[in-house]
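A short reminder: the numbers here are calculations on the coordinates, not readings from a lab. Everything numeric here is computed off the predicted structure, so don't read it as measured data. Every residue, glycine among them, receives a Cβ derived from its backbone with ideal geometry; neighbour counts consider all protein chains shown.
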Amino acid sequence: MSTAWKSRYALRTKDLKTSTIRELLKITQRPEVISFAGGLPAPDVFPVERFQEACHRVLQSHGHQALQYGATEGYEPLREMIARHIARYGIKAQAENVLITAGSQQALDLIGKLFINPGDRVLVEAPTYLGALQAFSVYGAEYVNVESDRDGLRTDLLEERLRSGPKFMYVLPNFQNPGGTTLSEGRRHQLVLLADKYGIPIIEDDPYGQLRYEGAHLPPLVVIDRENLRRDEGYSIGNVIYLSTFSKTLAPGLRLGWIVAPPDVILKLVHLKQGADLHTSTFTQAVAYEVARDNFLDEHVKRIRKVYRERRDVMLESLQKYFPPEVTWTHPQGGLFLWVTLPEGMDSNKLFPTALHENVAFVPGNCFYARNGFEDEGSRHMRLNFSYVQPEQIREGIQHLAAAIRQQRLEIQAVHS
Ligand SMILES: Cc1ncc(COP(=O)(O)O)c(C=O)c1O
């Protein structure tokens, strides 16, 4: 039977592989495994009671409306709230600039659908968010990679790569997934100026911006674009589309994200979203609004920043204490991840089964590189998540991971001697 279906799959599914990371996550869900693999928020900080009250209030005050079909653009009070919320970061938007999506992941898919013809190039950071590569590749994207260092995307390499004419750039300026790096302010300005010079738009993906644990907030690209290039007349001439989500600040199970874009782009995206799911769940949007209102979201974000900052610090201290000195890692100023570089000759893919044997899991670096010559780049790297696991388990897991690293090094030395 399955062969009959196989012959009918569309061409765009030809190169689809199950995501290694999602497969890994299945194994790492075993209770004995300390998992630094997923990008999961800490479940112990989900505001469950507030959700309970919010569901009750929504059903009581406007249950019939909340259970009905709704506008594709999203629930109006929520769109207005988002517009007000992002204004404090300098992002000037009206509700008409905001489209509610089923998580940022749907935003990435809709953007792929709107902009990418088969063979179009998308400029991405190397490494970058795996889910974006998955979303864009379905539409036949090819990739132009730009390497990163501790200050984020290397804008000194950008001009040459922009000459190859990518359709757009996909950039994560804050606490990048997977690198944990933050694009410096100087580079933000360079990026925006080069985007303008070559007429290449930017997709700015910012799920983690509010989760800053140290240092000063840096202006989003969408703000620099508007201010530097004096795009004061309104959103319609902006060069940056901005994405964010409630997944890391409220709960990923909500599946609520948003796109901020010029109205003509929103209109196109609305048409595409209609074909995908008509609209994001009305009930979920109404509940999220009820949860977030009256300053609750701000207070909640303060609480989770405290919890995650502590976990980040415990992970950094444990790495310092237990990892061999030849291993290095990034120092994230926020977000959920840090990026580890193993010594020459080591391979994080081979390390993975050894680590799992020690009941600890991570994501091997290869998963985060686009095709196009960069596939092997990640084998000396791994991504570690520090938000999900309790501090005590972080200490224990890092000790186990250090043991796995030492074991692999001994095996390599034995082969070479
Ligand atoms: C950089 C980035 N973009 C988008 C997403 C998707 O988030 P969601 O669909 O849960 O909003 C994630 C999730 O981890 C992410 O790390």
Cα-based reach from K167 at 16 Å (exclusive), listing lysines while leaving out same-chain residues under 8 positions away: K113, K197
Taking 51 Å as R0, compute the FRET efficiency from the Cβ-Cβ separation of E96 and I27 and round it to 0.05. 0.70
Taking every pair of alpha-carbon atoms in region 48-170, what share in percent sits in each 5 Å bin, from 0 to the bin with the longest distance? 2, 9, 13, 13, 15, 15, 13, 7, 5, 4, 2, 0
Ignoring the sites themselves, what is the longest stretch of the chain with no chymotrypsin sites (Phe, Trp or Tyr not before Pro) in a DSSP loop and at most 10 other beta-carbon atoms within 10 Å? 70-417
Angle, helix 282-292 long axis vs. longest principal axis of the chain, Cα atoms, 0 to 90°, nearest 10? 80
Which of G112, G165, G345 fluctuates most in a GNM of the chain (C-alpha springs under 10 Å)? That residue is G345
For the chain, with only Lys/Arg (+1) and Asp/Glu (-1) charged at the beta-carbon, what is the dipole magnitude about the Cα centre, in debye rounded to 20? 540
For the chain, what does the relative contact order come out to in percent, with C-alpha contacts under 8 Å and a separation of six or more? 23
Long-range amide H partners of W329 with built H, under 5 Å: T341
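Considering all alpha-carbon pairs of the chain, what whole percent are spaced by more than 36 angstrom? Could the numbers behind the result be given before it?
Numbers: 23054 of 86736 pairs.
Value for the chain (Cα pairs over 36 Å): 27 percent.
Could you give the length gained by full extension between K268 and R163, i.e. 0.36 nm per residue of separation minus their alpha carbon distance, to one decimal place? Before the final figure, lay out each step's value.
On the way: separation 105, 0.36 × 105 = 37.80 nm, distance 2.74 nm.
Additional length available on full extension: 35.1 nm.
On a full-extension model of 0.36 nm per residue, what is the gain between L59 and A216, subtracting their alpha-carbon distance, rounded to one decimal in nm? All intermediate terms of the calculation are to be shown ahead of the outcome.
Working: separation 157, 0.36 × 157 = 56.52 nm, distance 4.05 nm.
Contour length minus the Cα-Cα distance gives 52.5 nm.
For region 142-272, what is the relative contact order in percent, using Cα pairs closer than 8 Å and at least 6 residues apart in sequence?
Working: 179 pairs, mean separation 25.6, N = 131.
Computed over region 142-272, the figure is 20 percent.
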Applying the Karplus parametrisation 6.51 cos²θ - 1.76 cosθ + 1.60 with θ = phi - 60° to the phi angles of region 388-394, what ³J(HN,Hα) value in whole Hz is obtained for each residue in order, glycine and proline being reported as x? 7, 8, 5, x, 4, 6, 4
Relative contact order (percent) for region 214-369, with alpha-carbon contacts under 8 angstrom and 6 or more residues of separation? 13
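Mind checking region 25-122 for GluC sites (Glu not before Pro) that DSSP puts in a loop (not H, G, I, E or B) and that have at most 10 other Cβ atoms within 10 Å?
Answer by residue number: E32.
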